[in-house]
Amino acid sequence: LKMSWFWFYLPLHLLMAACLCHSIKAPTTSSQQSFKTDLFNFYHSLMLADGKETTVHLLKDIPKRYYFVLEEGRALAPFTITVTPCDVPIEWSILVHKASASFLGKAARGDHDTQEVSKSQKAPSMVSTIFNYKGNSVETYMGMSSHSALYMLEFLSTERDTHITVYLTTDTTSGQLYPELPVDPRIDVIGIGHTTVTLTWKHSPSVLQHRENIQYCLLVNEKHNYKSLCAAETAIRSSGIKLPPTLALSLSPYLLEPQQVMILSNSELSIINKASSGEVRQICMGTKNIYTVLNLSPSTQYYFDVFIVNLLTNASAAYTGTFARTLEEPEPKVMELKDGKVIQVVLDGKKQKFYSLQYQARHKKIQFTFQLCRGQVRVHIVKNGKTVALENISGMRYFLLKGKLLDTYLVQLRSTEESNSSVKVQVSPHFHKPLFPLLPESLKIKSFSKLRTCNSVTIAWLGTQEESKYCVYKKRIEEDRVWMELRSADRCSGPESRHKSEKVLCKYFYDMNLQRAVTTETIKGLDVGTLYLFDVYLFGPSGIPVRYHSKVVKTRKKC
């Protein structure tokens, strides 16, 4: 079986002339009038390509027609037509004119005689609708033709302008354009957690045959399932997100929109789109047929669609979508705070969970003290259900709050980084003697470049109006370790965590005039052209240390 491609090259006026000649000699019966109308529709249609996917754009309430011709050949020749709506439901149908194809073919070639035309005029009109459908599912029609026939496809969208894809093939011996779905195309949910859902699905036969050219892509969203890949892409674009050309992306880089995040890990390509309608994730994971979706929101319903994609043609087939609701987040445990007691809290950055502390005031004025030990922490203080403080902290931070006796304070702590963070917390009456020392205006250490030598550096730091003890420590450090050393430093740890050889000196000082509360120290006996990390520890009356921000200084190479 083959297509009559000469129809494409035949000028329209010749076809119209053949039709007109035929209609002049034919009796004006209702059936023949219908015959002329049908032929007119065929002539004013577009030819549908064989073996190629065609994108068809439809305007609302305006039908669009395509045709194709099957010539005589071997008996019971098969053909298939697959139509994929990419947005709203459409109506489409297949019409066939069995009597006209032979006549039109001969008319186009110019090899018919008057007797043959006369016979064709007497033939009754045989236009019939062999298939029609209305909806937004992917539908495939498989037909068998035992004789020459002219077919017309008619498409109509009654909701709004849209587009569809149409695929016609008369070659059933070679491989299909679309990847093949398994007999059972359902997606199974095999595990649900607070922030995770685990899915599995049957392997596509196409994966077993063409493993290197096939991959699975998963779409996760909070709205509904999609019946085709082009429907999903259309919906996401309409929400204001610019998508990559298709989920069947090669792993080569491309430009992302500001609201998109691309993650490439363990041969998996993940694209996270942030939109007002919710988060949409696209994950292409090769040929794995089991996958755990991570970092979902608790107590939220998600819809999951799996597409099997041919990387060579970008053609795809959709599994039957599913949905699942993540488990509710358990109520966080609340720890009671006691007057004057210092606790240290370690916060999990990956899970981004809140850590809750509760305190019932026994005085009208209270003070919360937070000492950041590692990472970045967000502090949220609520009094009797109303927010009284909300900010990210660095170093040491005090909150002096006024209220009534027996007011209930809830403190929520969360790491703002993916790595773990830790913080020390203390609450006490305002008049209570603080455990933490009085702090200077800044905890920065300054170094003087002009005073650097090959064997010494000079540093300075601020003090307070309260006599306190300051201890200086030094540590040799390699250049490629500076960032890691500064990032991983525990600012709450005291000198007890340092090696004895790192200690330089300890000294006491204060000044009632804060403008003069500055001290300097020259550290000698250093190596030439070497990086050193310097730390200063401040000790208050209670003995709890506060660590200044570390300073990295390099001695001169030449003097």
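Values in this text are rule-based calculations from the coordinates and carry no lab data. This is a predicted model, so every value here is computed, not measured. Quick reminder, even Gly has a Cβ in these numbers, built from the backbone with ideal geometry, and neighbours come from all protein chains shown.
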List the pair-distance distribution P(r) of segment 331-462, using every Cα-Cα distance, as the percent of pairs falling in each 10 Å bin from 0 up to the bin containing the longest distance, rounded to whole percents. 11, 37, 28, 13, 7, 3, 0
Let me know the shape class of segment 501-559, please: from the alpha-carbon gyration tensor, a ≥ b ≥ c as square roots of the eigenvalues, rounded when a/c is under 1.5, otherwise prolate if a/b is greater than b/c, or oblate. prolate
Pair residue 489, residue 139: separation of 7 Å Cα→Cβ label points (nm): 7.0
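Is segment 283-340 best put as rounded, prolate or oblate by its Cα gyration tensor, with a ≥ b ≥ c the root eigenvalues, rounded for a/c under 1.5, and otherwise prolate when a/b is larger than b/c, oblate when not?
prolate
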How many nm separate the modelled label positions at residue 196 and residue 387, each set 7 Å beyond the Cα in the direction of the Cβ? 3.2
Just subtract the alpha-carbon distance of residue 467 and residue 294 from 0.36 nm times their residue separation and send over the number in nm, one decimal. 57.0 nm
What does the C-alpha gyration tensor say about the overall shape of segment 416-556? Classify as rounded when a/c is under 1.5, otherwise prolate if a/b is larger than b/c, or oblate. oblate
For segment 309-400, which GluC sites (Glu not before Pro) are in a loop by DSSP, counting at most 10 other Cβ atoms within 10 Å? 328
Which parts of segment 394-425 would a label at residue 475 reach, counting a residue when its backbone N lies under 11 Å from a point 7 Å out along Cα-to-Cβ? none
Calculated FRET efficiency, residue 323 and residue 442, Cβ-Cβ r, R0 60 Å, to nearest 0.05? 0.65
Using 0.36 nm times the number of residues separating residue 400 and residue 209, minus their current alpha carbon distance, what extension gain do you get? 61.8 nm
Just subtract the alpha-carbon distance of residue 311 and residue 454 from 0.36 nm times their residue separation and send over the number in nm, one decimal. 45.3 nm
Virtual spin-label span in nm between residue 163 and residue 502, 7 Å along Cα→Cβ: 6.2
Counting other Cβ atoms within 10 Å, which trypsin sites (Lys or Arg not before Pro) in segment 463-559 have at most 13 and lie in a DSSP loop? 524, 557, 558
